Amino acid sequence: QVQLVESGGGLVQAGGSLILSCAASGSIFSIHAMGWYRQAPGKQRELVATAISNGITNYADSVKGRFTISRDNAKNTVYLQMDSLKPEDTAVYYCNAVGTTVSPYRHLEVWGQGTLVTVSS
């Protein structure tokens with residue numbers, strides 16, 4: 001069994017910064033991709049940023065230049081540095097990991113429980 005534990009959400013004023021972290025643990029052989037998604041009230045869950053194990057990153061247009069995703073592959077941990085936060089960034093942020101379990105080497109995709117980020121104007 002694999003689980004993700006997120007931390008770092010909270011309340012911040014517009015223009016401020018927060019950093020989210022997400023650590024994966026359990027029967028992990030390898031993790032190919034880790035990323036962050038968010039879901040605002042009344043809206044669908046959307047991609048924020050992803051980081052592949054080879055270092056390639058991808059960002060939603062709405063956060064480019066303000067958010068930075070990074071990974072510590074040795075610790076199976078992903079971070080999201082969020083700067084210049086805007087009220088429209090308010091959402092529940094979910095961590096996601098895609099990879100392979102230990103023997104019998106099954107595909108895994110797991111989600112974190114979500115952490116609330118609230119940006120006040």
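For the subset of segment 99-121 comprising residues that are under 16 Å from S53 (Cα atoms) and touching a Phe, Trp or Tyr at 6+ places or on another chain (Cβ under 8 Å), which member is surrounded by the most Cβ atoms within 10 Å (Cβ to Cβ)? Looking at the filtered set, the residue picked out is G99. Residues in segment 18-27: is at least one β-branched (V, I, T), under 29 Å from Q1 (Cβ atoms), touching a residue at least 40 places away in the same chain (Cβ under 8 Å) and out of contact with any helix residue (DSSP H, G or I) (no Cβ under 9 Å at 6 or more places or on another chain)? There is at least one residue in segment 18-27 that is β-branched (V, I, T), under 29 Å from Q1 (Cβ atoms), touching a residue at least 40 places away in the same chain (Cβ under 8 Å) and out of contact with any helix residue (DSSP H, G or I) (no Cβ under 9 Å at 6 or more places or on another chain). Checking A97, A74 one by one, the residue that is within 13 Å of the chain's Cα centre (by Cα) and within 20 Å of I19 (Cβ to Cβ) is A97 and no other. The residues of segment 77-98 that are surrounded by fewer than 20 Cβ atoms within 10 Å (Cβ to Cβ) and among the acidic types (D, E), listed by number, are D83, E88.
Of the residues making up segment 1-20, those that are closer than 17 Å to G114 by Cβ, part of a strand (DSSP E or B), of a type outside the set (A, V, I, L, M) and open to solvent by 30 Å² or more (accessible area, probe 1.4 Å) are Q3, S7.
The residue that is least open to solvent (accessible area, probe 1.4 Å), counting only those in segment 43-60 that are modelled with pLDDT of 95 or more and either on the phi > 0 side of the Ramachandran plot or touching a Ser or Thr at 6+ places or on another chain (Cβ under 6 Å) (or both), is A51.
The values are calculated or read from the model by the stated rules, or taken from the named source; none is laboratory data. Keep in mind that what you see is a predicted model, and the values were worked out from it rather than measured. Here the Cβ is made from the backbone with ideal geometry for all residues, glycine too, and neighbour counts use every protein chain on show. Surface accessibility is based on the protein's heavy atoms, side chains included, excluding ligands, DNA and RNA. Shrake-Rupley method; radii C 1.70, N 1.55, O 1.52, S 1.80 Å.
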